[in-house]
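Working notes for the structure below.
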Amino acid sequence: MSKLDAQTWLADHGDYLFRVARRQLHSDELAEDAVQETLLAAIAAQARYAGDASPRTWLTGILKHKIVDLIRKQLREVALPCDEEGEEAVDLLFKQDGHWAEPLRPWGNPQAEAELSQLRRVLDECADRLKPAMAQVFSLREVAGMETEEICKELDITPTNCWVLLHRARLFMRQCLELNGFSKAGAA
């Protein structure tokens, strides 16, 4: 992809990518960052783009990963309080006796967090094993939140074909999750 192609892709798909990112991140600034990171990653991965999917679908797939990266980064980073000059002031976090000024948040359930992390990993592995057509429809519907009409228009397929692909993808994902220990019986 040349620079001109990147500019064309931004012109053709930038607003769409921004809307998808904004819907997930609830922030214009983060959505802009995600779209920018998506385009940079697309430029870096241009040799791997075989053209099997439409550019919008390919870019949306990259965007999905960038959104996840941004969400993970947000969860890891903690904003420090600032003093009058706008500088970070770690001392504001503590009382004069050295104890926390605000009580720490409850840790929640570390075991549940570990299970959720494992579920995400297995979901990604299962999704990677979907046939390309099913993966496209599944990603656009379940990740990007697109409506059937939008998906049909994007992929140039009929609503019936869309629903069949989505149904098969969901069945495959369920079977894959069950084979990897995420069954209803195992959750009880």
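The values are calculated or read from the model by the stated rules, or taken from the named source; none is laboratory data. Note that the coordinates shown come from a computational prediction; the quantities given were computed from them, not determined experimentally. Neighbour counts are summed over all protein chains in view; Cβ atoms, including those assigned to glycine, are modelled from backbone coordinates with ideal geometry. These area figures cover heavy atoms from the full protein model, side chains too; ligands, DNA and RNA do not enter into them. Shrake-Rupley method; radii C 1.70, N 1.55, O 1.52, S 1.80 Å.
Taking the Cα atoms only, what angle lies between the long axis of helix 110-128 and the longest principal axis of the chain, rounded to 10 degrees? Taking the Cα atoms of the chain, the angle to 110-128 is about 20 degrees.
Heavy atoms only, probe 1.4 angstrom, no DNA, RNA or ligands counted: give me R48, R22, R56, R120 ranked by accessible area, highest first.
R48, R120, R22, R56
Accessible area of the chain with a 1.4 Å probe: how many percent of it is carbon plus sulfur? Within the chain, the accessible surface is 53 percent carbon and sulfur.
Legend: calculated FRET efficiency, R121 to Q36, from the Cβ-Cβ distance at R0 = 25 Å, rounded to 0.05, equals 0.40. Spacing of the modelled spin labels on W100 and E77, each 7 Å from Cα toward Cβ, amounts to 2.2 nm.
Which label marks the calculated value of Rg and Dmax of the Cα atoms in Å, given the options [x] 21.0, 68; [y] 16.4, 48; [z] 22.8, 72? So the structure-derived entry is [x]. Taken over the range 26-88, the alpha-carbon convex hull comes to 111 cubic angstrom per residue. A quarter of the convex hull surface defined by the alpha-carbon atoms of the range 87-182 gives 10.5 nm² as the mean projection. Treating the angle as unsigned and between 0 and 90°, give the value, to the nearest 10°, between the Cα long axis of helix 3-25 and the longest Cα principal axis of the chain. Roughly 60 degrees, rounded to the nearest 10.
For the range 3-77, relative contact order (Cα pairs under 8 Å, six or more residues apart, normalised by length) works out to 34 percent. Taking θ as phi - 60° and the Karplus parameters 6.51, -1.76 and 1.60, the scalar couplings of the range 94-100 work out to 10, 7, 4, 7, x, 7, 4 Hz in sequence order, x denoting glycine and proline. For the chain, relative contact order (Cα pairs under 8 Å, six or more residues apart, normalised by length) works out to 15 percent. Rounded to the nearest Hz, the phi-derived 3J(HN,Hα) couplings of the range 139-149 under the Karplus curve 6.51 cos²θ - 1.76 cosθ + 1.60 (θ = phi - 60°) are 5, 5, 7, 8, 9, 7, x, 6, 7, 4, 4, where x marks glycine and proline.
Lacking any other cysteine beta-carbon closer than 4.7 Å, the following Cys residues of the chain have no compatible partner: C82, C152, C162.
Couplings for the range 49-59, taken from phi via the Karplus curve 6.51 cos²θ - 1.76 cosθ + 1.60 with θ = phi - 60°, read 7, 8, x, 5, 9, 5, x, 5, 5, 5, 5 Hz in order; Gly and Pro are left as x. Relative to the dominant Cα principal axis of the chain, helix 28-44 is inclined by about 50°.
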